[in-house]
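Here the structure is laid out as structure tokens; the discussion comes afterwards.
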Amino acid sequence: MAYSETKVVLGGLAHIPIIIGFFYLIRRQYSFGAMLRNGKNTLSDQIKAAAPAKAAAPAKAAAPAKAAATAKKPHSDVPVNTYKPKAPFVGTVTENYSVLKDGAIGKVQHITFDLSGADPEFKYVEGQSCGILAAGEDAKGKPHRPRLYSIASTRYGDNFSGNTLSLCVRQLQYEKDGETINGVCSTYLCNLSPGDKVKISGPVGKEMLLPEEEDSNIIMLATGTGIAPMRAYLRRMFEPTEIEKHQWNFRGKAWLFMGAPKTANLLYDADFEHYKSKFPENLKYTKAISREQKNTQGGRMYIQDRVLEYAEQIFTMIENPKTHIYLCGLKGMEPGIDEAMTTAASAKGLDWAELRPKLRKEGRWHAETY
Ligand code: FAD
Ligand code: A2P
């Protein structure tokens, strides 16, 4: 064999280990992808095994990555911004009633708008919000900027006709220099009468959407009007006419934690109690009534105190990859919830600071506070 031919053969032989190595890596990645698809590893397994998972990460296989890129993104067909604030839809108020009982604090109204005649149609799904443009002008003589409100009805609306939208609005009121200040948009909304015309933009938001799987588990943490999206979820899950209307038959576990200052302030309480009595296997409903109940330290009972009380059950649910958590209402509750989750997680040997971003990345942690 000539010297040049020997060089070619030896060069070819030298590539064999590289080729074998390449096929080995591809094989490893396929089995890793299959493991994820089968969902065999629980959340705590995944977290505890974070180090080996990181080690495997650089060898990303081309085939599973391509498959993920071509798969339809969840909720990609959910409408957003059909009506922009500059060109809003003008809806008509059909009803506006108080959702508080005698002796409650403040003013909270359930307000429904007729959306019929919208072209294009004003379609939305549970968990979205809309913008409201209050009539009148601000101090600079400009139209009021839109305020966002979570939609409290399902896509079929309270009357199941598919062309209404409902909100749950607390009138903002506070004292300043001995004077009572009324919030612009919330006061406008709370004082509307049937027949009034209202500029509505949206729908907006995909943060609070429900998963499509019927066997998902849904943990809901709400304070005050943060109940609005939860009302929509619970109607979708448990309201008989809703169930007849759609093909989504919820079979998972739902657990609502609701925070209110007084029993009279519990919003939609009778509906939720009714759902609980009809579906005791599927719905739990836990209340934190801050000015009537005390936490273990003798302070006001907040939903984070309830989270601590039921930490074991909550984290057992969270370990199931089918569980989603929704948080809505006062911005101020977020640090308290975080603290409670940290304590509850550590009792299970988990680190909430690691777990929370992981749940978020997986699309299982949904928060909208204001
Ligand atoms: P404004 O006239 O805009 O007054 C608000 C301003 O008053 C504040 O920015 C602050 O500067 C000042 N202020 C407020 N409180 C005090 C105080 N104690 N002391 C001094 N100054 C104060 N609200 C609902 O009722 N229901 C909902 O479902 C809902 N969903 C929402 C969803 C999202 C995604 C967001 C972002 C907000 C949501 N809100 C909801 C809140 C809503 O958008 C408005 O912020 C709220 O109604 C107040 O608007 P306003 O026009 O009445 O008040
Ligand atoms: P409180 O006002 O007694 O301190 P609403 O919007 O109807 O007022 O209800 C909000 C509920 O959330 C109330 O029970 C309120 O209690 C409670 N709350 C207030 N601050 C927090 C907080 N930081 N964390 C959790 N809940 C809170």
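Observations on the model:
- Among Ser193, Ser201, Ser346, a tally of other beta-carbon atoms within 10 Å of each Cβ gives an order, fewest to most, of Ser193, Ser346, Ser201.
- Ranking of Ile289, Ile243, Ile325 by neighbouring Cβ atoms within 10 Å, starting from the fewest: Ile243, Ile289, Ile325.
- The distance between label points at Lys284 and Glu175 comes to 4.0 nm (points 7 Å beyond Cα on the Cα→Cβ vector).
- Average silhouette area of the stretch 70-147, convex hull of alpha-carbon atoms, in square nanometres: 8.7
- Segment Ser98-Asp138, extension gain: residue separation times 0.36 nm, minus the distance between their alpha carbons: 11.7 nm
- For the stretch 97-245, the Cα-based Rg and Dmax, in that order, read 16.4, 54 Å.
- Pair Val90, His75: separation of 7 Å Cα→Cβ label points (nm): 3.2
- The mean of 1/r over all distinct Cα pairs in the stretch 192-298, once inverted, gives the Kirkwood hydrodynamic radius of 15.6 Å.
Rule-based calculations on the coordinates, nothing more; no lab input. None of the values given here were measured: they were computed from a predicted structure. Heads up, the Cβs are rebuilt from the backbone with ideal geometry, glycines too, and the neighbour counts pull from every protein chain shown.
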